[in-house]
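One structure is given below, encoded as structure tokens.
The values are calculated or read from the model by the stated rules, or taken from the named source; none is laboratory data. None of the values given here were measured: they were computed from a predicted structure. Cβ placement follows ideal geometry from the backbone for every residue including glycine, while neighbour counts extend to all protein chains displayed. In case anyone asks, the SASA skips ligands and DNA or RNA and just uses the protein heavy atoms, side chains included. Shrake-Rupley method; radii C 1.70, N 1.55, O 1.52, S 1.80 Å.
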Amino acid sequence: MNELLQQVRILDPVSGTDKTADVLIIDGYIKAVENQIYEFPSDIQMRNCHDLILGPGLVDLYSHSGEPGFEERETLESLQKAAISGGFTRLAILPNTSPPIDNPAAVAKLQKNSPRLIPWGAITQGVQGQQMTEMAELADAGVVGFADGKPIVNLALLRRVLEYLQPLGKPIALWASYPELVGNGVMREGADSIRFGLSGNPAIGETSALAALLEVVAAVGTPVHIMRVSTARSVQLIEDARSRGLPITASTTWMHLLLDTEAIASYHPSLRLEPPLGTPNDRLALRRGIKQGIIDAIAIDHTPYTYEEKTVAFSEAPPGAIGLELALPLLWQNLVATGEFSPLELWRLLSTRPAECLQQTPPTINPGSPAELTLFSPQETWQVNINNLCSLSANTPWLGKELTGRIVQTWC
């Protein structure tokens with residue numbers, strides 16, 4: 001659809017733009033961006049965009065698909081619809097499907113059925129952490145990079161992976177966690193886990209694994225993205241590593257920025273996450289980390305489960321929650337509307353920096369660029385319910401609640 005967006009607030013982190021202007025979109029491309037546009041084709045649909053925000057399309061570093069294997073949770077089609085409904089124009093999906101994305105045929109099948117989804121290729125066969133995949137073949141097949149979505153605890157294997165990866169020039173995303181230390185913990189260990197009577201997952205389950213991972217990176221020199229950062233000590237370790245020039249980037253998830261262990265007083269099963277929600281001090285440290293650029297990006301880590309799977313006791317619930325359609329409104333409401341972050345800062349963390357972590361050119365709002373855009377209404381209210389979600393699953397603690405802020409349209 002050819003459109004003229006009149007007097008829309010433009011946020012473009014690439015150029016540092018925050019201004020009100022007219023934007024002309026023709027045949028899927030941005031034709032013009034001017035203070036006011038007076039000349040345009042007769043078939044243009046004009047839209048008054050007063051009080052609306054136009055930004056580059058959002059980019060998600062890692063999320064989960066149900067298909068193949070668990071289509072009752074999420075299909076590739078519903079995942080794409082949820083992404084577009086949430087303002088995401090690029091979505092990188094983790095390879096731990098069933099069967100996993102650990103061979104070129106699986107990559108080709110996904111790209112044929114869902115060309116808008118970007119697959120991570122598995123680091124290890126069957127994402128079991130035991131034996132490397134044919135990474136060169138996966139790279140040639142078109143994966144965005146390599147990730148298992150699970151911890152790789154065998155450091156000798158990890159060293160070989162990083163050495164092998166160097167000439168391929170693809171990003172690798174690693175989750176620092178020692179399952180032996182985590183044990184049966186279902187929430188962050190501390191005063192709140194004792195108070196709520198839930199088994200604790202100690203912070204050193206993450207930080208000791210991260211320290212070891214950083215030593216391997218220092219020895220090998222291959223750039224690494226550290227995913228799912230969730231503790232204050234991890235932020236310190238990453239800050240120190242970056243000060244020493246280690247080639248690392250890092251991300252945390254949107255829910256770890258908004259909630260902490262105090263929220264688990266509700267025992268809502270959708271608050272059972274992996275890694276678990278941190279303490280209030282962890283949450284504040286993560287916010288400081290992304291504010292100061294120690295942590296590069298916010299990931300969604302959209303993890304769908306059926307009603308039957310998730311509607312169980314907290315300690316028995318599988319870890320994960322949906323988020324593609326909720327992240328921007330809730331982050332805006334809690335970080336931007338409160339004045340803690342500027343609109344440009346939040347958009348950079350959800351669009352520009354994730355694309356750069358994927359070694360992609362970030363979307364931007366310039367004449368001649370493809371229309372990869374998100375139109376957002378920060379004042380519109382809506383209720384989170386099954387009928388208003390494109391995702392097949394509704395495992396979120398915000399189900400039934402009213403949110404302020406909604407995506408009006410996504411171009412991709």
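One table, with the values for the structure above:
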{"quantity": "Candidate aspartates and glutamates - alpha carbon under 17 Å from K19, same-chain residues fewer than 8 apart omitted", "calculated": "E34, D51, E345"}
{"quantity": "Selected from P280, P367, P223 as most flexible by GNM, with the chain as the system and alpha-carbon contacts under 10 Å", "calculated": "P367"}
{"quantity": "Sites matching chymotrypsin sites (Phe, Trp or Tyr not before Pro) across the stretch 20-128 that sit in DSSP coil, with at most 11 neighbouring C-beta atoms within 10 Å", "calculated": "Y38"}
{"quantity": "Mean Cα-pair separation over length for the chain, i.e. relative contact order, pairs under 8 Å, 6 or more apart, %", "calculated": "20 percent"}
{"quantity": "GNM result for the chain, Cα springs below 10 Å: residue of M255, M135, M46 fluctuating most strongly", "calculated": "M46"}
{"quantity": "For the chain: accessible area per residue (Å², 1.4 Å)", "calculated": "40 Å²"}
{"quantity": "Whole-number D in µm²/s for the stretch 34-112 (Stokes-Einstein; Kirkwood sum over Cα pairs; 4 °C, 1.567 mPa s)", "calculated": "83 µm²/s"}
{"quantity": "Mean Kyte hydropathy of 0.5 or more with a Cα span along the axis of at least 20 Å, helices from DSSP in the chain", "calculated": "204-220"}
{"quantity": "In the stretch 68-116, the trypsin sites (Lys or Arg not before Pro) that fall in loop regions by DSSP, at most 12 other Cβ within 10 Å", "calculated": "none"}
{"quantity": "Set of aspartates and glutamates with alpha-carbon distance to K150 below 15 Å, sequence-local pairs under 8 removed", "calculated": "D102, E180, E206, E274, D301"}
{"quantity": "Beta bridge orientation in the chain: antiparallel %, DSSP, nearest 5", "calculated": "50 percent"}
{"quantity": "GNM result for the chain, Cα springs below 10 Å: residue of L214, L399, L94 fluctuating most strongly", "calculated": "L399"}
